[in-house]
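Working notes, structure below.
The values are calculated or read from the model by the stated rules, or taken from the named source; none is laboratory data. Source: prediction; values computed, not measured. Cβ placement follows ideal geometry from the backbone for every residue including glycine, while neighbour counts extend to all protein chains displayed. Heavy atoms of the whole protein, side chains included, go into the accessibility calculation; ligands, DNA and RNA do not. Shrake-Rupley method; radii C 1.70, N 1.55, O 1.52, S 1.80 Å.
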Amino acid sequence: MKNVILITDVNFWEKCSGNRARIEALISYIAKHVKLTVVNTGPAPKHMQTYLADRYQAEFIILECDRILNSTAYIRRLRSVIKNRSFDSIIIEYVHSSYFLNCFPENVRMILDAHDIVSERARQFAAFNYQGVLYEMNEEDEYRLFQCYDHVMVLSSNDQTIVSGVLGPERTILSPHPVVTTPKKLRNAVSNITFIASSYLPNVDGISFFIENCWPAIRSKYDVTLNVIGTVCEKLQSPPEKNIMIKGFAANLNDVYADADIIINPVRFGAGLKIKNIEALGNGLPLVTTSHSASGLGKIPADIIKIAL
């Protein structure tokens with residue numbers, strides 16, 4: 001059986017964002033097919049190693065429990081814990097963690113799970129005057145890092161085209177996000193419009209724009225309630241009217257989807273595949289989204305998805 005090590009700085013077990021769902025799904029799948037070691041930089045409680053090992057049937061290593069370290073310290077910690085061990089492949093989550101490649105010999109197959117094209121995300125953020133909010137990388141530097149890998153995994157066909165142009169199709173892996181759900185029964189009358197999101201800036205911007213610019217027109221014509229779910233609620237001000245419910249984090253999204261009549265995703269900028277779109281469609285619910293948000297979905301028949309401006 002192949003030995004694979006996956007390295008991430010994301011606490012994916014918290015399940016409050018699309019990228020966490022993505023990483024968890026990848027770990028769950030890979031652990032069934034290889035001998036998997038997952039390294040998380042932390043900080044995280046040490047008992048999480050045992051908890052996650054039991055849950056996913058894989059080895060888990062947390063490099064630091066109490067604080068954030070610099071890259072040099074993380075490399076030192078990783079080299080110590082994998083000393084005298086060999087791996088067939090390494091998977092790095094996000095291009096900014098590429099410095100971990102220095103811990104492995106050249107004969108290890110090196111794979112990047114890119115999630116987003118960072119240089120494209122930077123352009124999108126800049127267009128809405130959010131320069132420097134997240135780590136940024138120009139196109140030249142990002143593509144140079146891509147060249148360090150044997151393969152780069154992407155979530156959408158759009159990103160596949162970009163990365164294939166840099167590395168060639170044989171080194172580009174399209175790995176869409178899976179959603180295992182139970183389709184919900186559609187109701188004839190719409191009562192609940194729902195937005196589910198993390199506190200990621202484009203989500204906060206999108207729902208704030210929607211409440212200010214779109215919701216008044218909707219409420220003037222329809223007796224409906226807007227339900228906002230997830231850690232995005234932590235970044236929002238008090239709702240301007242009683243028909244907007246800022247509900248916060250929900251541990252059981254299945255119940256949230258069961259109560260929803262329409263899912264919206266008013267995100268206006270960012271990059272990559274919007275996993276909240278995949279989850280909505282996977283639950284069999286109508287999705288109303290923006291042209292930007294739908295761009296990562298590829299070609300979808302017009303009767304499947306409604307795109308708003």
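Assorted remarks:
- Full extension of the chain between Ser86 and Lys32 gives 17.5 nm of extra length, using 0.36 nm per residue less the Cα-Cα distance.
- Calculated FRET efficiency for the pair Cys148/Glu170, C-beta based, R₀ 22 Å, to 0.05: 0.85
- Sorting Arg171, Arg76 by solvent-accessible area of protein heavy atoms yields Arg76, Arg171, largest first, with a 1.4 Å probe.
- Viscosity 1.567 mPa s, 4 °C: Kirkwood-radius Stokes-Einstein D of region 147-284 over Cα pairs, µm²/s: 77
- About its Cα centre, the dipole of the chain is roughly 560 debye, where the only charges are +1 on Lys and Arg Cβ and -1 on Asp and Glu Cβ.
- Subset of Lys35/Lys184; Lys247/Lys276; Lys15/Lys185 violating a 28 Å alpha-carbon distance limit: Lys35/Lys184
- A simple packing score, the average count of other Cβ atoms within 10 Å per residue, orders the peptides 178-188, 206-216 as 206-216, 178-188, with the highest score first.
- Spin-label proximity, Glu14 to region 44-74 - amide N less than 19 Å from point 7 Å beyond Cα toward beta carbon: 44-53, 61-70
- Net charge of Cβ neighbours under 12 Å - reference Tyr74; Lys, Arg +1; Asp, Glu -1: +2
- With 10 Å bins beginning at zero, the pair-distance distribution over Cα atoms of the chain amounts to 5, 25, 33, 24, 11, 2, 0 %.
- Percentage of interatomic Cα-Cα distances in region 1-112 larger than 17 Å: 52
- Here Asn192 and Ser291 are evaluated by their C-beta separation; at R0 = 22 Å the FRET efficiency comes out at 0.35.
- Comparing Asp223, Asp259, Asp150 in a Gaussian network model of the chain where C-alpha atoms under 10 Å apart are linked, the largest mean-square fluctuation is found at Asp223.
- Highest-fluctuation residue, Ser98, Ser295, Ser238 considered, GNM on the chain with Cα pairs under 10 Å: Ser238
- Shape index of region 127-181: Rg/Rh, with Rg the Cα radius of gyration and Rh the Kirkwood radius from the inverse mean 1/r over Cα pairs, equals 1.06.
- Each part gets one Cα centre, and for region 191-210 versus region 103-170 those centres are 26 Å apart.
- Cα gyration tensor, region 1-52 - rounded (a/c under 1.5), prolate or oblate: oblate
- Distant alpha-carbon pairs in region 65-145 (separation over 20 angstrom), percent: 46
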